[in-house]
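To start, the structure itself, in structure tokens.
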Amino acid sequence: MTMTLHVCDYLIIVLFLVTTLGIGWLSMRSAGKDSSEFFLSGRTMPWWLLGFSMVATTFSAGTPNLVTDIVRKHGIAGNWVWWAFLLTGMLTVFIYAKLWRRIGVMTDIEFYEVRYSGKVGAFLRGFRTLYLGLLVNTVIMASATLAMIKILGVLFGVAPIYTIVGSSIVTVIFAACGGFTAVLWTDMILFIVAMIGTVGVAIYVLQEPDIGGLANVLSNPAVQTKLAFFPDFHDTKAVMTLLFVPFVIQWWSTWYPGSEPGGGSYTAQRMLAAKSESHAIGATLFFNICHYAVRPWPWLLVALASLIRYPTTHDLATAFPSIPADKLADDLAYPAMLLNLPAGLSGMVLASLFAAYISTMSTHLNLGSSYMVNDWYHRFVNRNATEKQLVFQGRLWTVILMVLANVLCFYLTNALQVFQILMLIGAGTGLLFLVRWFWWRVNAPSEIAAMCFSFVIAVYFKFIHVPLGLYYFGVIENGKKVLPDWLDLSDAMQLSLSVIIVTVGWIAVTFMTKPTDEKTLRDFLRRSGAGGPGWKKIIDSAQRDGQDLGLEKEWSVPMGLLCTVISCIAVYAALFATGLYIYGNYVPAIILTIVFAVGILALIPLWKRIA
């Protein structure tokens, strides 16, 4: 079972690849001017282009696989594990976006030496560079490459090594030549192509004879148990895992790429590249609306339809015997649903998947190289490097990071596994990222403690907890040694425990160590304009010394919180209204549509006060 391509499909794919490489080639000259141009496009980018880029980057080749994996295991309600991050996203829009634009650093890691002082601040910047730039960034890229391996393996039976070599060559040439400007412009094209392909797949798959149309999907017994927007409230475990933990604990406490509390990584990079604070706010708002309200339902429909054709992973294994056993999981179902697409649509879908892959990879290659160049090479290796040397290092690190990601992808299994690992690594650090802008007492040891605690706990739960528990407390059931119930912790319980331990840990370290020196704190406050009651001691001290910190007369955070609440209600209303229209429940769908419209209208006057 493999996909058959026709002449028109090849033409579409070739046109897409030529366009992508052409944009990279045309951008090469401007990208080579200096490091600011290579990594931030000269800080002159408009909100709409940055917004398209953000939403395109989060649409990796593995995103539909991840959503399919979640739906097949936990139903539509399982998506609260990422829908809950809308709260984080809207906080970034209305509170943190303008702070990032004001701070004016090259990368979000450079922030650490603006916020903290001395050798410990420099150490934190260097350590965080290696941690994010090499470790976490590489895991993310390896996950995207794993998705391409599965997609091309299912569709064409392509061996992993050929997928890696082919996709790497195109992506590295594009990212190394064009820099950030090429990434932005191509992202806009890639997102449009990807959405056309995704919607086309959903429409066609639903009409295939064995699927039988939307009505048949919604009435199928295997699907009906997966349709609810919320978990069954009589199932305490499901409510805790799928709703309570994501919505009450996870969104504010956990660092996850693209959904960092307070903004960070490629989101911060785009806010820093905006031409003004208003454009930074507009870009992040556009991204969050598209990411949560516009994009999910085509993936969800294909995932539901896959339950009819491939009810279990055993059915997937039977249909695709060439797929290695360690790569066989529910996330294979999405590419498996693409096999029978007609001429033209096959090419568009493949182009959209390549688009999603290149968009994600080029963003993380540029972001990772910006870390390694600006926050490692230029900061610790060669302080006197010329702009030409910095651009060369950026291109060199683009290649190095691609190689590292390709090696790592062989050790990953499925999309949900990577998602859970990243969630656990960042558990407990989120609150710190939120409050460090508004509480003077947070210091560099706070950040180091949070990062180390979260990583050690993640390693313990993923690699040590089960073997240790079996060794000391294992019990025999059916001739097999298993963990007792009190030690058999779900992913949600592991996450919750991690959040508690890490949060208590970094707060304790904060009070046990010296605060950042006051001169650095005053400079940061003057530069960012953060303000608020958490800075009262520093503000009062500056006033006694006759220093004007240039803070706004009206603290904008309360208004930002109000806008966050209104915008979250509006976007969730749009998300569920779409689902209700699909389900044929028109009255509640119309009510939610009105809620969305009222919410957007209410934001307009409030937006002006913030922006």
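The values are calculated or read from the model by the stated rules, or taken from the named source; none is laboratory data. This one's a predicted model, so the numbers in the text were calculated from it and none came from an experiment. Cβ placement follows ideal geometry from the backbone for every residue including glycine, while neighbour counts extend to all protein chains displayed. What goes into the accessible areas is simple: the full protein's heavy atoms, side chains included, and nothing from ligands, DNA or RNA. Shrake-Rupley method; radii C 1.70, N 1.55, O 1.52, S 1.80 Å.
By the gyration tensor of its Cα atoms, with a ≥ b ≥ c the square roots of the eigenvalues, what is the shape of the range 116-160: rounded for a/c under 1.5, prolate for a/b over b/c, or oblate? Show your work: numbers first, answer last.
Numbers: a/c = 10.31, a/b = 6.36, b/c = 1.62.
The shape class here is prolate.
Where Lys and Arg each count +1 and Asp and Glu each count -1, what net charge lies around V201 among other residues with Cβ under 15 Å from its Cβ? Please list the in-between numbers first.
Values: positive: R295, R309; negative: D9, E208.
For residues surrounding V201, the net value is 0.
Tell me which residues come under 5 Å, amide H to amide H, from E208 once H is placed; ignore anything under 5 positions away on its chain.
Hits under the 5 Å cutoff: G213.
If you take the charge dipole of the range 95-168 about its Cα centre, with +1 on Lys and Arg Cβ and -1 on Asp and Glu Cβ, which of N137, S167, I103 is farthest toward its positive end?
Going by the charge dipole, the pick is I103.
How much length is gained on full extension from L218 to W25, taking 0.36 nm per residue of separation minus their Cα-Cα distance?
Full extension from L218 to W25 adds 64.8 nm.
Which is the longest run of the chain containing none of the GluC sites (Glu not before Pro) found in DSSP loop states (not H, G, I, E, B) with at most 16 other C-beta atoms within 10 Å?
With GluC sites (Glu not before Pro) excluded where exposed in loops, the chain gives 1-551 as its longest stretch.
Could you work out how far helix 137-156 tilts from the main Cα principal axis of the chain, as a 0 to 90 degree angle to the nearest 10?
10
Please arrange I281, I169, I421 by accessible surface area, largest first, computed with a 1.4 Å probe and ligands excluded.
Largest to smallest exposure gives the sequence I169, I421, I281.
Taking a quarter of the surface of the convex hull around the Cα atoms of the range 312-373, what do you get in nm²?
5.9
How many angstrom separate the Cα center of the range 509-550 from the Cα center of the range 1-51?
When both Cα centres are located, 43 Å separates them.
Which order do the peptides 452-465, 251-264, 495-508 take when ranked by the mean count of other beta-carbon atoms within 10 Å per residue, highest first?
In decreasing order of mean packing, 452-465, 251-264, 495-508 become 251-264, 495-508, 452-465.
Once Lys and Arg get +1 and Asp and Glu get -1 on their Cβ, which of V55, F94, G78 lies farthest toward the positive end of the dipole of the range 22-115?
Sorting the options by dipole projection puts first F94.
Would you tally the net charge around L99, using a Cβ to Cβ cut-off of less than 14 Å, leaving L99 out, and scoring K and R as +1, D and E as -1?
+3
Using a ≥ b ≥ c from the Cα gyration tensor of the range 357-467 (square roots of the eigenvalues), is it rounded, prolate or oblate, where a/c under 1.5 gives rounded and otherwise the larger of a/b and b/c decides, a/b for prolate?
oblate
For the range 464-480, take each phi angle, set θ = phi - 60°, evaluate the Karplus expression 6.51 cos²θ - 1.76 cosθ + 1.60, and give the result in whole Hz per residue in order, putting x for glycine and proline.
10, 4, 5, x, 5, x, 5, 5, 9, 10, x, 10, 8, 10, 6, x, 10
Rounded, prolate or oblate: which fits the range 1-149 when a ≥ b ≥ c are the square roots of the eigenvalues of the alpha-carbon gyration tensor, with rounded for a/c under 1.5 and prolate only if a/b beats b/c?
oblate
Please identify every one of the trypsin sites (Lys or Arg not before Pro) in the range 356-458 that sits in a loop by DSSP and has no more than 14 other beta carbons within 10 Å of its own beta carbon.
Hits after loop and neighbour filter: R383.
With charges set only on the Cβ (+1 for Lys and Arg, -1 for Asp and Glu), what does the dipole of the chain come to about its Cα centre, in debye to the nearest 20? Don't jump to the answer; show the numbers that get you there.
Details: 40 positive and 33 negative charges, 302 e Å.
Rounded to the nearest 20 debye, it is 1460 debye.
Please give me, ordered by residue number, the chymotrypsin sites (Phe, Trp or Tyr not before Pro) of the range 188-233 that lie in loop per DSSP and have at most 12 other Cβ atoms within 10 Å.
Answer by residue number: F233.
Can you work out the Karplus-derived ³J(HN,Hα) for every residue in the range 219-226? Use 6.51 cos²θ - 1.76 cosθ + 1.60 with θ = phi - 60°, whole Hz, and x for glycine or proline.
9, 5, x, 5, 8, 4, 6, 10
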